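Notes follow once the structure below has been shown.
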Amino acid sequence: MTTTKTKVAVVGASGYTGEELVGLLLAHPNIDLAVVTSRQFAGKSLAEVFPRFAHDKNSARLKFSDSEAKQVARDATVVFLALPHGLAAEFAKPLLSAGARVLDLSADFRVKDSDVYREFYGHEHPAADLLGKSVYGLPEVYRDQIREARLVACPGCYPTSILIPLRPLIRRKAIARKTIVASSMSGVTGAGRKAEVDYLFSECNESVRPYGVPKHRHLSEIEQELSILAREKLVIQFTPHLVPINRGIISTIYADIATNVVKMDPAVIFQSAYGQEPFVRLLGDDRLPDTKYVAGTNFIDISWRIDRRTNRIVLMSAIDNTVKGAGGQAVQCMNLMLGLPETAGLI
């Protein structure tokens, strides 16, 4: 029996996130990767640009194009935008008007308030009228809304690694919400495929450094989503660091235990929230997360410790920034939108 496959496009397929998406979609049993675009590589085959896909019979025939949005919408019903912020919104408008369902991996539709977007991204939002129509693409929180969405704003990598561990504790009012401090370390692919001095091998290798202090752009969506969960305005401290690995994020999050909590049992809280989640692995308080165990997967590994000396809980998580932090989570959202098993093409 032949099953009709959904035609899908990746706009901006030549970056690290685009490449990850291409690999996942080529292997997806329900998807026909019909369009890949890149101005830089227009006319070249997928196999030429990414030799690691040369084994796939479609990689030789599938050529990068420089197609306009309307043409992309004619050739595909689902479109992933793996473009820089600002540019993605310009593509989203005509795609949605043409009837395509859009998953945006940039930051353009994550932040609901155009004033906050301007504050963190330094320019006016190019499609502010669409902000209220987008769904934040974190399946563990917004699964039902994602199923019906026409525009999904896929979360940033840092927010994914921070929001998922914090969500159950905020919902249970188990922590003092105004004491949250998060520190994260990310591999170099998180900066995207671009030629800048800060990301050259000789600059990154054998070096670890903080950046985006004190107001990294991802902080805007982290605080937005935490505030929605808490039903009050939350402001947190967040410091990211660049580490000399290709992929992976480790986040460590600290918060005071709420004064009304007599005895906290994080295992019960996390099991109740995520025991049935296909991509959340709970390590408990006897193991610690490690990027090498999530690399190339769509899992987030979470562990915790209670520090009795300071009356704080310490949360730790690990994800692959290009998979659960980007392309893999986008495919997870697509599966929901298409009524497919959530794990299709990901396990």
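Structure summary
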| quantity | calculated |
| --- | --- |
| Hits in the range 97-134 - residues which are in contact with a Ser or Thr (Cβ under 9 Å, 6 or more places away or on another chain), touching a residue at least 12 places away in the same chain (Cβ under 8 Å) and assigned to a loop (DSSP other than H, G, I, E, B) | G99, A100, L105, A107, D108, F109, R110, V111, K112, D113, H125 |
| Matching residues, the range 39-53, being under 29 Å from R110 (Cβ atoms), aliphatic (A, V, I, L, M) and surrounded by fewer than 22 Cβ atoms within 10 Å (Cβ to Cβ) | A42, V49 |
| Hits in the range 204-241 (condition: assigned to a loop (DSSP other than H, G, I, E, B), under 16 Å from D113 (Cβ atoms) and in contact with a Pro (Cβ under 9 Å, 6 or more places away or on another chain)) | H218 |
| Subset of the range 54-84 [out of contact with any Phe, Trp or Tyr (no Cβ under 6 Å at 6 or more places or on another chain), outside any strand (DSSP E or B) and surrounded by 20 or more Cβ atoms within 10 Å (Cβ to Cβ)] | L62, V72, A73, A76, A82, L83 |
| Scan of the range 122-151 for residues that are of a type in the set (A, V, I, L, M, F, W, C) and touching a Lys or Arg at 6+ places or on another chain (Cβ under 8 Å), ordered by number | A127, L130, L131, V141, A149, L151 |
| Selection count where residues are among the small types (G, A, S) and either touching a strand residue (DSSP E or B) at 6+ places or on another chain (Cβ under 6 Å) or in the same structural domain as V102 (by TED's automatic domain parsing) (or both), scope the range 312-347 | 4 |
| Qualifying position, being part of a strand (DSSP E or B), hydroxyl-bearing (S, T, Y) and crowded, with 21+ Cβ neighbours inside 10 Å, among S161, S184 | S184 |
| Scan of the range 1-45 for residues that are outside any strand (DSSP E or B), touching a residue at least 60 places away in the same chain (Cβ under 8 Å) and of a type in the set (V, I, T), ordered by number | T17 |
| Answer from R308, R281 - the residue that is in contact (Cβ under 8 Å) with a residue 12 or more places away in the chain and over 17 Å from S184 (Cβ atoms) | R281 |
| Residue selected from the range 201-241 under the condition acidic (D, E) and touching a residue at least 40 places away in the same chain (Cβ under 8 Å), by the criterion farthest from R177 (Cα to Cα) | E221 |
| Residue match in the range 242-265 (condition: without any contact (Cβ under 8 Å) to a residue 60 or more places away in the chain and closer than 30 Å to R118 by Cα) | yes |
| Options R309, R305: the member that is over 24 Å from the mean Cα position of the chain (by Cα) and either part of a strand (DSSP E or B) or small (G, A, S) (or both) | R305 |
| Criterion: of a type in the set (G, A, S) and in a loop (DSSP other than H, G, I, E, B) - qualifying residue of A318, A295 | A295 |
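The values are calculated or read from the model by the stated rules, or taken from the named source; none is laboratory data. All figures in this text were calculated on a predicted structure; none of them were measured in a lab. Counting neighbours? That spans all protein chains shown, and the Cβs are built from the backbone with ideal geometry, glycine included.
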